[in-house]
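*Asks:* Here's a structure for you.
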Amino acid sequence: MSRTFLGMPATAPRGVGNLRGDEPFPQAARKALGDDQLRRNLGHATTTIRRKSGSVVAELPDWQELRAAGSALKAATMARLPELLEQLEAKVTAAGGVVHWAADAHEANRIVTDLVRATGHDRVIKVKSMATQEIGLNEALEAAGIAPVETDLAELIVQLGHDKPSHILVPAIHRNRAEIREIFLRAMPGVDPALTDDPATLAAAARRYLRETFLSTKVAVSGANFAVAETGTLAVLESEGNGRMCLTLPDTLITVMGIEKVVPAWRDLEVFLQLLPRASTGERMNPYTSMWTGVTPGDGPQNFHLVLLDNGRTAVLADEVGRQALHCIRCSACLNVCPVYERTGGHAYGSVYPGPIGAVLSPQLTGVADNASLPYASSLCGACFDACPVKIDIPSILVHLRNQAPHPRSERMAMAAAAYTMDRPALYARAQHAAKLTRRVTHLPPPLNGWTASRDLPDPPPETFRDWWAAR
Amino acid sequence: MRIALFVTCLADTLFPAAAKATVRLLERLGHEVTFPADQTCCGQMHINTGYQRDALALVRRHVRTFAAYEAVVAPSGSCVGSVRHQHAMVARAAGDASLAARAEDVASRTYELSELLVDVLGVGDVGAWYPHRVTYHPTCHSLRMLRVGDKPLRLLRHVRGLELVDLPAAEQCCGFGGTFALKNAATSTAMLADKMRHVMETGAEVCTAGDSSCLMHIGGGLSRMDAGVRTVHLAEILAATEEA
């Protein structure tokens, strides 16, 4: 058999989508840390979700077994991804759907835009979807004169506020209700000018606006949480019922799905439908779980298109250590337990995927050089690994990616010198003495001033341990 | 039991009191402690900052230095975590399967202090006396890499005179994270501020932990604030007696 080497799989292209930030994490984080309102909103929200999820996770006696099952299912899926995707394509096609393959964000945006254009409509309703945020689909549709309307309440808040999502599950987590009221008053068509910031009133205002839109829009765009290869069934999990509207009312449904979302068999959902709601929203059972298989004559959308998106995922799959980031089911448990995320918020990560999973996924999708500061946006405390319902070893991937990241020249030299010294005990002991003789300093030069800005250095001890031991 | 001390470069250089206390404590309990002088640093800083190639020589040195001992103890959860979870990985990444196997072997006999005391030596009450109000910070790596659980607390509860007070949000990281404290100094400081607030809420005189690194961070912040709370390594408390 002859083989042709096609080169390494491509990473997500530049100039499209939302995987790269404008500035490195430390700078963006410093700005976020200065925003007291943001820190209060985030602290309050993450603490609440953490508590809720923690209690429903704790009540399951077999949670650890479920995690292990979820992890094993994902690993088995990734091991035969091409075969499963082809099976999915065959089943969806047989059920009356049309499957499109998109190598990257450009291709996916073009496919969706062309499909919408072909319907003759200029407005689409959207179900909350990370994949379409990732590729910048809304921007692409708008450029083509098509108006996308986000129907998830939080995504709507973000869209009306000309803002960016800052959390995978709760994209407007950085906003409080007073800010939401202002956004609605400013940007929501037909809003009651007497709107208050009572949460139920705000939700009712969004409902009135969205109902009109649901009933008058003929094309919907969604993502997918899962796709079952053996049946060709797509699944979307959501809490508000807006997704159910989008998935059932329009004539045409276009689903954009990352290729890693496929699962082999229907029964595999048994595991993930237990893991996802408990880990993400802290619910025992997901409120609205919509599943569909191709087209059902006379019921629901009569045109169904599935766009399978790579956009760097095959490149991630090629990395033995990093590939487990593809196991992510977008629950955001890692964000909610992360001490870094809790203080900086999602925007600091510069990508639609923030928090610990973003710090390992974004640099892999784009290539580490394009997101070089993200693998360092963690104290490696490990809380994310413990919280992950599919046991992604995020700290190990972070360490792995740091090893691939470009390093500053001065740091490279300092690290090489330290390693050289530490591999020579006599030289090492002399270096210790040099440190010991240093008088107490209170302010160090960059980059060590990062320490002395807020922390004292320890007093150098009169003798090192090895001196004491030698003199014993 | 003959126990080799893996002192850690940080304790050796800046916090020898923690290492001396480890020696005194184990000797008091009737064990022989040796200090293999060829040891320097386990390489964790290099590994966690993205310099696995530089770390390889340090891993090789560490494995060679401790290969002959039936038990190795360190007054640090983080350094033991690196030995247990990273050394073989670094060796394997460098294509050295034999080093990886030897690293795993050494790792299987390497213990953080509370693990050695409780799991290996079967001690609960080490006979210590420490008449102070103390709060305990479970360091991230001892908690989540080593799973020491409540072993340090069980040891502290037996210390005579010691009043143990719970630390609120104890399991949240103090923000140290090695070079994270420099590379993301502002975020690290924000995490430290919350940790210090919780420590001060306890009204403790002493904040203890099993890692000198985290204590250096918390202690550096408390000292800058003149908070009046000292940081003391767990080994020093367990080594303290009425006589000394």
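*Asks:* Could you say whether any residue in the stretch A:179-193 is among the hydrophobic types (A, V, I, L, M, F, W, C) and within 28 Å of A:VAL337 (Cα to Cα)?
*Replies:* Looking through the stretch A:179-193, at least one residue is among the hydrophobic types (A, V, I, L, M, F, W, C) and within 28 Å of A:VAL337 (Cα to Cα).
*Asks:* Within the stretch A:80-88, is even one residue assigned to a strand (DSSP E or B) and in contact with a Ser or Thr (Cβ under 8 Å, 6 or more places away or on another chain)?
*Replies:* no
*Asks:* Go through the residues of the stretch A:444-458 one by one and say whether even a single one is more than 9 Å from every other protein chain (Cβ to nearest Cβ), farther than 25 Å from A:ALA348 by Cα and more than 17 Å from the chain's Cα centre (by Cα).
*Replies:* Yes: one or more hits.
*Asks:* All but one of (1) in a helix (DSSP H, G or I); (2) crowded, with 17+ Cβ neighbours inside 10 Å; (3) free of Cβ contacts under 8 Å to residues at least 12 places away in the same chain hold for A:PRO458; which doesn't?
*Replies:* If we test A:PRO458 against (1) in a helix (DSSP H, G or I); (2) crowded, with 17+ Cβ neighbours inside 10 Å; (3) free of Cβ contacts under 8 Å to residues at least 12 places away in the same chain, just (1) comes out false.
*Asks:* Can you name every residue in the stretch A:408-421 that is buried (at least 17 other Cβ atoms within 10 Å of the Cβ) and either over 39 Å from the mean Cα position of the chain (by Cα) or more than 15 Å from B:LEU58 (Cβ to Cβ) (or both)?
*Replies:* A:THR421
*Asks:* Right, A:ARG39: at pLDDT below 95 and in contact with a Leu (Cβ under 9 Å, 6 or more places away or on another chain) or not?
*Replies:* Yes: the conditions hold for A:ARG39.
*Asks:* Exactly one of these conditions fails for A:LEU427: (1) surrounded by 14 or more Cβ atoms within 10 Å (Cβ to Cβ); (2) farther than 17 Å from B:ALA181 by Cα. Give me its number.
*Replies:* Here A:LEU427 meets the rest and fails (1).
*Asks:* Among the numbered criteria (1) more than 21 Å from the chain's Cα centre (by Cα); (2) in a loop (DSSP other than H, G, I, E, B), which one does A:LYS91 miss?
*Replies:* (2)
*Asks:* Being farther than 28 Å from B:ALA74 by Cα, modelled with pLDDT of 95 or more and among the aliphatic types (A, V, I, L, M), is that true of even one residue in the stretch A:433-446?
*Replies:* No: the stretch A:433-446 contains no residue that is farther than 28 Å from B:ALA74 by Cα, modelled with pLDDT of 95 or more and among the aliphatic types (A, V, I, L, M).
*Asks:* Now, a different point. Tell me, which residue of the stretch A:105-158 that is over 18 Å from the mean Cα position of the chain (by Cα) and of a type in the set (Gly, Ala, Ser) is surrounded by the fewest Cβ atoms within 10 Å (Cβ to Cβ)?
*Replies:* Per the criteria, the residue is A:GLY120.
*Asks:* Being in a loop (DSSP other than H, G, I, E, B), more than 9 Å from every other protein chain (Cβ to nearest Cβ) and touching a residue at least 40 places away in the same chain (Cβ under 8 Å) is the filter here; which residues of the stretch A:373-429 pass it?
*Replies:* If the condition is that a residue be in a loop (DSSP other than H, G, I, E, B), more than 9 Å from every other protein chain (Cβ to nearest Cβ) and touching a residue at least 40 places away in the same chain (Cβ under 8 Å), then A:CYS388, A:PRO389, A:VAL390, A:LYS391, A:ILE392, A:ASP393 are the ones that fit.
*Asks:* If you don't mind, there's one more thing I want to ask. Looking at the stretch A:198-226, which of its residues are at pLDDT 95 or above and of a type in the set (Asp, Glu)?
*Replies:* A:ASP198
Yes/no matrix, rows are residues, columns are (1) over 18 Å from the mean Cα position of the chain (by Cα); (2) within 14 Å of another protein chain (Cβ to nearest Cβ); (3) of a type in the set (Asp, Glu):
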| site | (1), (2), (3) |
| --- | --- |
| A:GLY7 | yes, no, no |
| A:ALA12 | no, no, no |
| A:GLY15 | yes, no, no |
| A:GLU23 | yes, yes, yes |
| A:PRO26 | yes, yes, no |
| A:GLY34 | yes, yes, no |
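*Asks:* Could you tell me whether any residue of the stretch B:107-118 is in contact with a helix residue (DSSP H, G or I) (Cβ under 9 Å, 6 or more places away or on another chain), within 11 Å of chain A (Cβ to nearest Cβ) and closer than 19 Å to B:GLY210 by Cβ?
*Replies:* There is no residue in the stretch B:107-118 that is in contact with a helix residue (DSSP H, G or I) (Cβ under 9 Å, 6 or more places away or on another chain), within 11 Å of chain A (Cβ to nearest Cβ) and closer than 19 Å to B:GLY210 by Cβ.
*Asks:* Could you say whether any residue in the stretch B:75-95 is free of Cβ contacts under 8 Å to residues at least 12 places away in the same chain, in contact with a helix residue (DSSP H, G or I) (Cβ under 8 Å, 6 or more places away or on another chain) and more than 10 Å from chain A (Cβ to nearest Cβ)?
*Replies:* Yes: one or more hits.
*Asks:* While we're looking at this one, here's another question. Confirm whether B:LYS151 is within 29 Å of A:GLU411 (Cβ to Cβ) and of a type in the set (Lys, Arg).
*Replies:* On the way: within 29 Å of A:GLU411 (Cβ to Cβ): no; of a type in the set (Lys, Arg): yes.
Answer is no for this residue.
*Asks:* I've got another one for you. Considering (1) closer than 23 Å to A:VAL337 by Cα; (2) touching a residue at least 60 places away in the same chain (Cβ under 8 Å); (3) more than 14 Å from every other protein chain (Cβ to nearest Cβ), say which one A:LEU73 fails and leave the rest.
*Replies:* (1)
*Asks:* Residue check: is A:GLY34 at positive phi, without any contact (Cβ under 8 Å) to a residue 12 or more places away in the chain and not polar (S, T, N, Q)?
*Replies:* Taking the combined requirement at face value, the residue does not satisfy it.
*Asks:* Please pick out the residue among A:VAL271, A:VAL256 that is crowded, with 23+ Cβ neighbours inside 10 Å and in contact (Cβ under 8 Å) with a residue 12 or more places away in the chain.
*Replies:* Unique residue meeting the criteria: A:VAL256.
*Asks:* Restricting to the stretch B:219-244, count the residues that are facing chain A (nearest Cβ under 10 Å) and in contact (Cβ under 8 Å) with a residue 12 or more places away in the chain.
*Replies:* 5
*Asks:* Turning to a different aspect of this structure: So, in the stretch A:193-247, exactly how many residues are aromatic (Phe, Trp, Tyr) and farther than 30 Å from A:LEU73 by Cα?
*Replies:* Number of matching residues: 2.
*Asks:* Kindly indicate the residue of the stretch A:259-268 that is touching a residue at least 40 places away in the same chain (Cβ under 8 Å) and among the hydrophobic types (A, V, I, L, M, F, W, C) and also surrounded by the most Cβ atoms within 10 Å (Cβ to Cβ) among those meeting that condition.
*Replies:* A:VAL263
*Asks:* Any chance you could count how many residues in the stretch A:172-212 are without any contact (Cβ under 8 Å) to a residue 60 or more places away in the chain and in a loop (DSSP other than H, G, I, E, B)?
*Replies:* Number of matching residues: 12.
*Asks:* Select from the stretch B:1-47 the residues that are within 9 Å of chain A (Cβ to nearest Cβ) and among the aromatic types (Phe, Trp, Tyr) and write down the one among them that is nearest to B:ILE237 (Cα to Cα).
*Replies:* Checked the stretch B:1-47; the qualifying residue nearest to B:ILE237 (Cα to Cα) is B:PHE15.
*Asks:* Among the residues of the stretch A:79-86, is any surrounded by 17 or more Cβ atoms within 10 Å (Cβ to Cβ) and not hydrophobic (A, V, I, L, M, F, W, C)?
*Replies:* Checked against the condition, which is being surrounded by 17 or more Cβ atoms within 10 Å (Cβ to Cβ) and not hydrophobic (A, V, I, L, M, F, W, C), the stretch A:79-86 yields no hits at all.
*Asks:* Also: Within the stretch B:222-236, can you find the residues that are outside any strand (DSSP E or B) and buried (at least 24 other Cβ atoms within 10 Å of the Cβ)?
*Replies:* If the condition is that a residue be outside any strand (DSSP E or B) and buried (at least 24 other Cβ atoms within 10 Å of the Cβ), then B:LEU234, B:ALA235 are the ones that fit.
*Asks:* Scan the stretch B:21-68 residue by residue and report those that are free of Cβ contacts under 8 Å to residues at least 40 places away in the same chain, crowded, with 22+ Cβ neighbours inside 10 Å and closer than 22 Å to A:PRO461 by Cα.
*Replies:* Hits for the stretch B:21-68 are B:VAL23, B:GLN39, B:THR40, B:CYS41.
*Asks:* Shifting gears a bit: Quick check on this structure: which one of A:VAL191, A:VAL263, A:VAL271 is more than 30 Å from A:ASP122 (Cα to Cα), in contact with a Phe, Trp or Tyr (Cβ under 6 Å, 6 or more places away or on another chain) and of a type outside the set (Lys, Arg)?
*Replies:* Selected residue: A:VAL263, the only one of A:VAL191, A:VAL263, A:VAL271 that is more than 30 Å from A:ASP122 (Cα to Cα), in contact with a Phe, Trp or Tyr (Cβ under 6 Å, 6 or more places away or on another chain) and of a type outside the set (Lys, Arg).
The values are calculated or read from the model by the stated rules, or taken from the named source; none is laboratory data. These numbers come from a predicted model, not from an experiment. Quick reminder, even Gly has a Cβ in these numbers, built from the backbone with ideal geometry, and neighbours come from all protein chains shown.
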